[in-house]
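The block underneath contains the structure these notes are about, expressed in C-alpha cells.
The values are calculated or read from the model by the stated rules, or taken from the named source; none is laboratory data. Since the structure is predicted, the reported quantities are computational estimates derived from the model, not experimental observations. Note: ideal-geometry Cβ built from the backbone for every residue, glycine included; neighbour counts use all protein chains shown. Just the protein is used for accessible areas: all its heavy atoms, side chains included, with ligands, DNA and RNA removed. Shrake-Rupley method; radii C 1.70, N 1.55, O 1.52, S 1.80 Å.
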Amino acid sequence: MATRRGKGGDRIEPTMGGGLEMPDLRVDPRERPSAPARPKRPKSAASGQKPVQRANHKLAGTGSGKSGKSSASSGSGSRAGSGSAGHAKPSGKRKAPTRADAALAQDLGFELRPRPKARKRPAKAGAAPARKGRAKKSAKGRGRNRARKGWVLRLIKRMFYWGMVAGIWGTVTVVAILAYFAAQLPQSYDWTVPARPPNVKIVSAEGHLLANRGESGGEAVRLEQLPKYLPQAVIAIEDRRFRSHFGIDVIGLSRALVTNVLRGGVVQGGSTLTQQLAKNLFLTHERTISRKMQEVVLALWLEARHSKDEILEMYLNRVYFGAGAYGVDGAARRYFGKSARQVTLAEAATLAALLKAPSRYAPNRNPDLAEQRAQLVLQAMANSGFISERDAKNAIANPALAVAGNRASGTNYVADWVMELLPGYIGRIDKDVIVATTIDSRLQREGERILSKALNEQGKKLGVSQGALVSLDTSGAVKALVGGRNYRKSQFNRAVSAMRQPGSAFKPFIYLAALEMGLTPDTVRVDEPVSIKGWSPKNYTKRYHGPVTLRRALASSINTVAARLGQEVTPKRVAATARRLGISSPLKVNPSIALGTSEVTPLEITAAYVPFSNGGWGVVPHVIREVKTEDGKVLFHRRIDGPGQVIAPDKLRQMDSMMAETLYSGTGKRARLGDRPAGGKTGTSQEMRDAWFIGFTANYTTAVWLGNDDGSPSRSATGGTLPAEIWHDYMEVAHEHMPMVELPGIPVGGPVIAPKPPRPAPPHTIAGGRRIENDSRILPPPGGGGFLRRLFGGD
C-alpha cells in the first residue's frame, strides 16, 4: 500500500504484493493541515436526524472499479450531508474512523487506528472555563489577521518591485541627462584644475609683512597649516556630510528641494563644497539648469580625481570672502590683520559665516549680523562634535573684532607702487613670489600717523585736504612713502603720480647752476622790481630788500633775485642741472622755470635733493630690493647704481651751507632740528595751490607736500608753515637714537657762515666843525656859507 497526501487528508492506496506489511496509517497532528471553520449545523439536525459523517480518510481499493466508485461515491455522499442539507458545507472537525471504514480496512488487510487526541493544556488556577463562542471568535480573528497580513505583504512586494523598476529607469534617465550635459563640456582628458592666481607677498626691509597682492589677496596655505577648527567651521555650516558623500549630497538636496517648494522660493541651497568648488573653478555664476547639471558632472569628476582633503584645501584657498579677498588667508588679513594660521576659534567662525553672504555678514560693515551668524556656526560645530559646548560658549562670549581701518593703511600705496614696478623686473607673474622692499616699517607707520594727524588738526583751517610724504636714505632707497591722507577714501598715489608745481623748492637748482658759473654765496644781487620779456615776478611779502647776498636771497626765498639768476645762467642750463640731479619730468625752458612752474612728482624731486646729503652722488629712487619665489629662487636682486657724482665737492659745501641757513634764519625755521646738521628749502606755488618742504640730513632726505587734488588754492598754506612742521616731527622720530653727523659746510651746531663786513662807524666832528666819515673822508661843517666861503674861508 502507498500513502498519498490529498486535500482531505492522507489516502491509503494498495500496492502489488500480498506479502508486504501494511504501514501505520496514523497521522501526527503536526502534519495534519489546519481544520476549516466549523460549519453551521444543518436544519435536519434539529428534527433528530443525524447527518452522515465523512470518513476521516479516503480509501481507494485496488480491486474492481466498482469498489473504487463506491468509495468515491461514499466520500461524496459524506460531503453532501442528508436531505435538503446536501449542499451544506463540510464539517470543519475531523471525526474518528467509522465502523464501515474499519470493516473496509479489514477486508483490504490493514487496520485503522484512531487519531491521537491533542493534549490539552492544564487550566490555570482560578481561570474561568473557556467558552465555545469565544473560541469561534478567536478563530475568525486569526483568519482575518492572516488575510490582512497577506494583503500587506503583497502590497510591500509590489511596492518593492515597482520601486526597483522606477529606480532602474530613474538611474538610466539621470545618467542620460548627465551624459547629455557632459557632452557640452570639453573632453574629459582636457579637464585640469586651473592654477590658483599667483600671490605677491610684499615685506619690509626687516621682513615684516606689508601687504599681499594678487587676485586672492593672501597666501596659499596648506590644510595642515591651519588650526583644525577653521576647516571644521566651514564643514559644519556649509556641508556637514562632506566627509561621507560622493560629491552630491542627496539628503541635503532633497531637504533643500522640499524647503524651497514649501516656502515658494529659493531659501536653501543643496550644493556641496565640491559643487561650489567646481563652480568657482570651471563655470560661471549664472542660474540655469544647464550650468547646474554641468556643476554636478564636474563635482563627480573632482571627487574621483582628488581626495577630500585636497578638495577642502582648494576650496579654502579659492572661495570668495568679500571685500576683494579670495581665499581664507586673504580674508583673515583683510578682516583681522593676521594670517589664517593665527586666527582664533571666534574668528574662524566669523570667516565661515561669510560664505553664505560675504557683503551681508562682513564684520567690518555689519558687526552685529556677523556675530549672530558666527554664533550659529559655533553651535553647528558643537552639534557636529567638532568642539565642546564649553568651547562654543567661550567663543560666543569673546566674539571676533575686525581690524579698524586695515584697508586705510598707507602701506597700500607702497604695495600698489610695487605691483606697478614688478613686471619690469621679473616679467609675467605666474607663481607666488616674495618681494623684499626697502621700506622701514617704523618710519612708514610714523609717516602715516604724523601726516594724518596734521591734516586732521590744521588742514581745514589752512584749506588743504591732501598730502604726501616721501623719505629716502642716502642711496635712494625709499624708507617711507605715504601717498595720501586715507587709502580707503582715495587710492591715488600722490607721492609717485601727482604732478605738482614745486614753487620755490626748485630754486636750489638755479643757485647751484649759478655757483657752477663762478658766483659765490656772498655774491650780491639787488632785490628790486624786475621785468623779463613781459614777465614781472614779485616777492611773497610784496617788499624789496635792495642789495642782498645769494645766501640771504635763497634763505629768504626772494623771487626777484632767483628770476635774475635764472636769466644769467639761462633757463636751458637750469633745466640741465635739474635733470642731472634727478628730475625726469618734462621741464618748460622759459624764464618762469626759476620759480618752479614746471610740474614734478614728490618722489623725483626728493631724489634730486639726495645728492645734497650724500656727498654729491646722484641716485635712482627704488623700493624693490629683491624678488624670489616661495622656494627661495632669486629672480631679481638690486645692485647699487646711479649716475655718479653730480655735484662737485666745493659747490656742494657752498650749497649745503646756504640751504642750512633756510632752517636757521630763513623761511624754514619751524623745521630746525636743534643742533643736528640739516638743510632744506620751502616751496609755495602760485596762489598757494601747493605747499612744500624738502630737507635733508646726513641720513635721510624727506619731502612733504600739501594741497588739494582739484588744484584749488589753499587759504594760507605755505611751505614754511604746516609742511615744515610735519617734516620736523617726522625727522625727529626718524633720527631717534642716531648720532649727529656733519654735512659738508654744516658742522654740528649750525652752518659755517662767513662773517659779515662791519657796519660803518658813525661820523665824528673835528676842529672847525668838520666831520670825519669812515675815518677817511672829511666833510664840510653843516650850514656852511656855500662854495665861495668854503673856498676862501671866513666866517
| field | For region 536-577: accessible area per residue (Å², 1.4 Å) | value | 45
| request: Pop out the ³J(HN,Hα) list for region 354-362 in order, Karplus 6.51 cos²θ - 1.76 cosθ + 1.60 with θ = phi - 60°, rounded to Hz; leave Gly and Pro as x. | output: 5, 5, 5, 8, x, 6, 6, 9, 5
| remark: Expressed as a percent, the portion of alpha-carbon pairs in region 697-739 spaced more than 17 Å apart is 43
| field | Peptide ranges 159-172, 469-482 listed from the most packed, as the mean C-beta count within 10 angstrom indicates | value | 469-482, 159-172
| query | For the cross-link pairs Lys356/Lys431; Lys228/Lys628; Lys479/Lys651; Lys431/Lys489; Lys431/Lys633; Lys588/Lys681, which exceed 19 Å when the distance is taken from alpha carbon to alpha carbon? | reply | Lys356/Lys431; Lys228/Lys628; Lys479/Lys651; Lys431/Lys489; Lys588/Lys681
| message | Could you compute how much accessible surface Leu376 exposes when probed at 1.4 Å, giving the result in Å² to the nearest 10? | response | 90
| field | Violating pairs (Cα-Cα greater than 31 angstrom) within the set Lys279/Lys338; Lys157/Lys308; Lys461/Lys542 | value | Lys157/Lys308
| said: If I compute solvent accessible area with a 1.4 Å probe over the protein chains, what percent of it on region 268-309 is carbon and sulfur? | reply: 52
| task | With r as the distance between the Cβ atoms of Asp391 and His637 and R0 = 41 Å, compute the FRET efficiency 1/(1 + (r/R0)^6) and round to 0.05. | result | 0.30
| request: Give me the distance in nm between label points sitting 7 Å out from Cα along the Cα-to-Cβ direction at Asn383 and Lys538, one decimal. | output: 7.9
| request: Report the full-extension gain for the segment Phe246 to Ser585: residue separation times 0.36 nm, less the Cα-Cα distance, to one decimal in nm. | output: 115.8 nm
| message | Taking 45 Å as R0, compute the FRET efficiency from the Cβ-Cβ separation of Lys669 and Asp710 and round it to 0.05. | response | 0.90
| request: Heavy atoms only, probe 1.4 Å: what % of the accessible area of region 697-738 goes to carbon and sulfur, would you let me know? | output: 46
| field | Peptides ranked, highest mean first, by Cβ atoms within 10 Å: ranges 689-698, 233-242, 497-506 | value | 689-698, 497-506, 233-242
| field | Per residue convex hull volume, Cα atoms of region 609-716, in Å³ | value | 168
| query | Of Lys507/Lys669; Lys533/Lys669; Lys453/Lys507; Lys201/Lys453, which sit over 25 Å apart, Cα to Cα? | reply | Lys533/Lys669; Lys453/Lys507; Lys201/Lys453
| Theoretical FRET efficiency, 1/(1+(r/R0)^6), r = Cβ-Cβ of Met499 and Thr520, R0 30 Å, to 0.05 | 0.30
| Could you list log10 I(q)/I(0) for region 327-434 at q = 0.21 Å⁻¹, which the Debye formula gives when each Cα is one point scatterer? | -1.07
| task | Compute the distance in nm between two label points, each set 7 Å from the Cα along the Cα-to-Cβ direction, one at Lys453 and one at Met738. | result | 1.9
| task | Report the extension gain between His545 and Asn145 in nm, rounded to one decimal, defined as 0.36 nm multiplied by the number of residues separating them, less their alpha carbon distance. | result | 131.2 nm
| field | Length added when fully stretched, Val403-Lys431, from 0.36 nm per residue minus Cα-Cα | value | 7.2 nm
| Under 5 Å, built H, 5+ apart or other chain: amide partners of Leu210 | Ile202, Val203, Ser204
| note | For region 440-494, dividing by residue count, accessible area per residue (probe 1.4 Å) in Å² works out to 40
| Largest first, what is the accessible-area ranking of His208, His306, His737 with a 1.4 Å probe? | His737, His208, His306
